[in-house]
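Notes follow the structure.
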Amino acid sequence: DVKVTQSSRYLVKRTGEKVFLECVQDMDHENMFWYRQDPGLGLRLIYFSYDVKMKEKGDIPEGYSVSREKKERFSLILESASTNQTSMYLCASSPYSLAGASDTQYFGPGTRLTVL
Amino acid sequence: AQSVSQHNHHVILSEAASLELGCNYSYGGTVNLFWYVQYPGQHLQLLLKYFSGDPLVKGIKGFEAEFIKSKFSFNLRKPSVQWSDTAEYFCAVNKRGSTLGRLYFGRGTQLTVWP
């Protein structure tokens, strides 16, 4: 079974703090993703990475950065947390496929972040 | 703009009722299609997927979905829902040949099944 783990299930931070969310996958997947999930808005892609040290912006990258130093680990960084970043953050991974036939994404349990 | 539309935000059914959740996408070209489900307190998991072949695909727990290319649709169905199907359902699309594996998600449909 594919395992995607996230460092925390719940996190409470104060406005202005630097926040690190960690994600680890154990299936040697090339692609990794960070989403935020908000009621009525579904999943919105923040950043994704298709290789070590490679990253691409998603639809809502503002206020976030990412780091991928090792293949199995993808970190989301909130440089200066704000209250509008209170949300559920989901990490996912998927294998590389030139034909796109194996693009199933596997999700972690999520981190519910509250910024006060 | 590229988008995935789920027509119903919240669906409420009684047990044994039939279910159909709509999903339309606006991409040209060949796509892979997915339905994901998120049960209360659990992580998002794959319900079913379509890559090629028979446009009627069967997934877990008695769900199925039909890809109608001419309508750009991939509707999810179940003939008789159970209380345990209460969950949020997300439709997603991937553009075939995209090496980056990006999925585009709809906004989700919350299904509530009353016993």
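Accessible surface buried by the A/B pair amounts to about 2000 Å², both sides summed, 1.4 Å probe.
Scalar couplings 3J(HN,Hα) for the stretch A:60-74, obtained by applying the Karplus form with A = 6.51, B = -1.76, C = 1.60 to θ = phi - 60°, are 9, x, 5, x, 10, 9, 9, 9, 9, 8, 10, 4, 7, 10, 9 Hz; x denotes Gly and Pro.
Compactness ratio for chain B: Cα radius of gyration over 2.2 N^0.38 Å (N = residue count) comes to 1.03. Using only side-chain charges placed at the Cβ, +1 for Lys and Arg and -1 for Asp and Glu, the dipole size of chain B relative to its Cα centre rounds to 420 debye. Solvent exposure of the stretch A:4-94, expressed per residue, is 47 Å² of accessible area, with all protein chains present and a 1.4 angstrom probe. If you run the Gaussian network model on chain B, springs between alpha carbon atoms under 10 Å, then out of B:N24, B:N75, B:N32 the most flexible one is B:N32.
State the percentage of accessible surface on chain B attributable to carbon and sulfur atoms; use a 1.4 Å probe and exclude ligands, DNA and RNA. After summing per-atom areas, the C and S share lands at 52 percent. Averaging Cα coordinates gives a centre for the stretch A:1-63 and one for the stretch B:24-71; these two points are 23 Å apart. By definition, a body whose alpha carbon gyration tensor gives a ≥ b ≥ c is oblate when a/c is 1.5 or more and a/b is not larger than b/c, and the stretch A:1-44 fits this oblate description. Dipole orientation for chain A: of the candidates A:L21, A:L41, A:P95, A:L21 has the Cα lying most toward the positive pole (charges on Cβ; Lys, Arg +1; Asp, Glu -1). If the Kirkwood radius is taken over C-alpha pairs of the protein assembly as shown, then at 37 °C and 0.692 mPa s the Stokes-Einstein diffusion coefficient equals 181 µm²/s. For A:M27 and B:D54, FRET efficiency with R0 = 30 Å and r from the beta-carbon atoms, rounded to 0.05? Computed FRET efficiency for B:D54 and A:M27: 0.65. Rolling a 1.4 Å probe across the protein heavy atoms gives chain B an accessible surface of 47 Å² per residue.
The values are calculated or read from the model by the stated rules, or taken from the named source; none is laboratory data. Computed from a predicted model, the values in this text were never measured in an experiment. In this analysis, Cβ positions are derived from the backbone assuming ideal geometry, glycine residues included, and neighbour counts consider all displayed protein chains. What goes into the accessible areas is simple: the full protein's heavy atoms, side chains included, and nothing from ligands, DNA or RNA. Shrake-Rupley method; radii C 1.70, N 1.55, O 1.52, S 1.80 Å.
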